[in-house]
Amino acid sequence: MTIRTARRKLTAGVLVTALTGLLSACGADTGSAPNQINWWTWDDKQAAAYEVCASDFEKANPGVNVTISQYNVADYFTKLLANFVAGTAPDAFQNSPQFFQQYASLDQLMPLDDLMKKTGYDLDRFSTGATTWRYTDGKQYALPLDWSSAALYYNQDTVEKAGYTASDIENLTWNPDDGGDFDKVIAHLTVDREGVRGDEPGFDKKHVATFGIGPLGTKDFTGQTTWAPFYASLGKHVANKPAWPTEFTYNDPRFVTTMKYIRSLSDRGFAPRDGEFASAGNTPSGPELVGSGKVAIMPDGSWSAAQYAQVPNLKTGIAPTVTGPDGTTRGTISSSNGNNIWSGTPHPDLTWKWVSYMGSAACQTKASGSGSFLPSIPAAMDASARSMSARGVDLSVFIDQQKNGELFASPAYGNGTAIQATVEPLFQSYFAHSRGEDAFKEMANRSKSLLAGEK
């Protein structure tokens, strides 16, 4: 078994246009041997993690060879489209909900219902993620590979020096009017280059040494790790339906006030502006920002937990996202990547055998030991938590989110690529103050048209 890495720069829009005209002319011959399975991912950590599963699978199935290929995420989806066109796509591959509708509508994904029925495979084994991969035709097109959510990572020494405890950070209450306890804590954790805190006279917002909170003025149109938990603490989610939404409610007054508050954090110098730390096209990661002391608290994804633990001389705490004005409402997006089978695979039964093994407690327990992703099978999740705890990483925040019903599934939606390309520049323009609140009405109108399938 080999893991290959490739980097290519292709234009997704060109490939999408080409795809619609060339699919009928493409053959389904991948050129792979009868007992060869090709599986693709964009995640180098999952590529390495599933290597152990591939080895076990090959031992249990003599003569079968599993090849895992990992490609840079910037190139991954355009490369998939190119291989759909060429008829050389992998037998199975990791997919994001953003591209589910596009690939399914082009008949590039194999429905799994008959294979599950044939082999007695039960989706109830998954705690989250399975419903995301049910298409509008009612069929299941993927097994969840993982799930993720958001949390607040913080430098314990910085927090303690400011006079706060772990309990203070774990119980931050927020409201869009004055920011609540969250605002007070973030202001006090912010320190300018002269050592003056953000809530003290003489604070210089133009020369900040440590920001209280990491970047929140995001261009991300779903806001999983940034604005979504704030909006959810008001009892709201941006998608108007849990599956296949027809609207993203960007023009809801509560959404607008949430964005207004978040923008105020960077205006007051408590959070960095977009691009604040970018240099030569590179932006430091959350662990780097917290480890360097540039940020006291960093909103980040569950996938980063192991990385924070690897930063030298950094004691990291992981706190849940904020609660709303009522002091109890808390929510965060639970996103789940899927494991799809290409409809053109020349050996669907063998590919399903591999994919269903990846969706087993045995495989996910072994693969999740790296801590790079949260398994969707509870027994594997518990095993991962134990493994990471032994390495000094406490995943209890994410387990509690699930147990307390604080997760809401990221829905599959249509035209994800077009929505991203349309909405993200509007977010950027709002946080740069080149657009006002009218940007949200435009976001809502344009995303509604795109969700309806319009161009």
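Restricting the range 116-197 to GluC sites (Glu not before Pro) that sit in a DSSP loop and have at most 13 other Cβ atoms within 10 Å of their own Cβ leaves E194.
Computed from backbone phi with θ = phi - 60° and the Karplus coefficients 6.51, -1.76 and 1.60, the 3J(HN,Hα) list for the range 228-237 is 4, x, 5, 5, 5, 5, 9, x, 10, 10 Hz; x is used for glycine and proline. Per residue, the average separation of C-alpha pairs within less than 8 Å and at least 6 apart gives the range 39-154 a relative contact order of 23 percent. Evaluating 6.51 cos²θ - 1.76 cosθ + 1.60 at θ = phi - 60° for every residue in the range 156-168, the Karplus couplings come out as 4, 5, 5, 5, 5, 4, 7, x, 10, 10, 4, 4, 4 Hz, glycine and proline recorded as x. In this structure, the pairs whose alpha-carbon distance is over 24 Å, taken from K117/K403; K315/K366; K184/K205; K79/K241; K79/K117, are K117/K403; K315/K366; K79/K241; K79/K117. Counting only Cβ charges, +1 for Lys and Arg and -1 for Asp and Glu, the dipole size of the chain around its Cα centre is about 660 debye. Pairs of Cα atoms nearer than 8 Å and 6+ residues apart set the relative contact order; for the range 396-455 it is 38 percent. Seen against the Cα atoms of the chain and their longest principal axis, helix 348-358 is set at about 30 degrees. For the chain, DSSP calls about 55 percent of its internal beta bridges antiparallel.
Remark: spin-label model distance R193-T119 equals 6.0 nm, labels positioned 7 Å along the Cα→Cβ axis.
For the chain, what's the relative contact order in percent, using C-alpha pairs closer than 8 Å and at least 6 residues apart? Show your work: numbers first, answer last.
On the way: 880 pairs, mean separation 108.5, N = 455.
Rounded, it is 24 percent for the chain.
The phi torsions of the range 309-324, fed into the Karplus equation with coefficients 6.51, -1.76 and 1.60 and a -60° offset, translate into couplings of 5, 8, 6, x, 6, 10, 9, 9, x, 10, 10, x, 5, 5, 9, x Hz, rounded to whole numbers, with Gly and Pro shown as x. Counting only alpha carbon atoms, the long axis of helix 438-451 and the longest principal axis of the chain meet at about 10°.
Compared with the dominant principal axis of the Cα atoms in the chain, helix 180-189 is inclined by about 80°. Across the alpha-carbon atoms of the chain, the computed radius of gyration and Dmax are 22.5, 73 angstrom. Each 10 Å bin from 0 upward holds the following percent of the Cα-Cα pairs of the range 353-441: 14, 27, 23, 23, 13, 0. In this label model, Q310 and A452 are separated by 4.7 nm, measuring between points 7 Å along each Cα→Cβ vector.
Remark: the Cα gyration tensor places the range 324-399 in the oblate category, a/c being 1.5 or greater and a/b not exceeding b/c.
Throughout, read-outs are computed from the coordinates displayed, never taken from laboratory work. Note that the structure is predicted; figures quoted are calculated from it, not measured. A quick note on method: Cβ atoms are made from the backbone with ideal geometry, for glycine too, and the neighbour counts reach across all protein chains shown.
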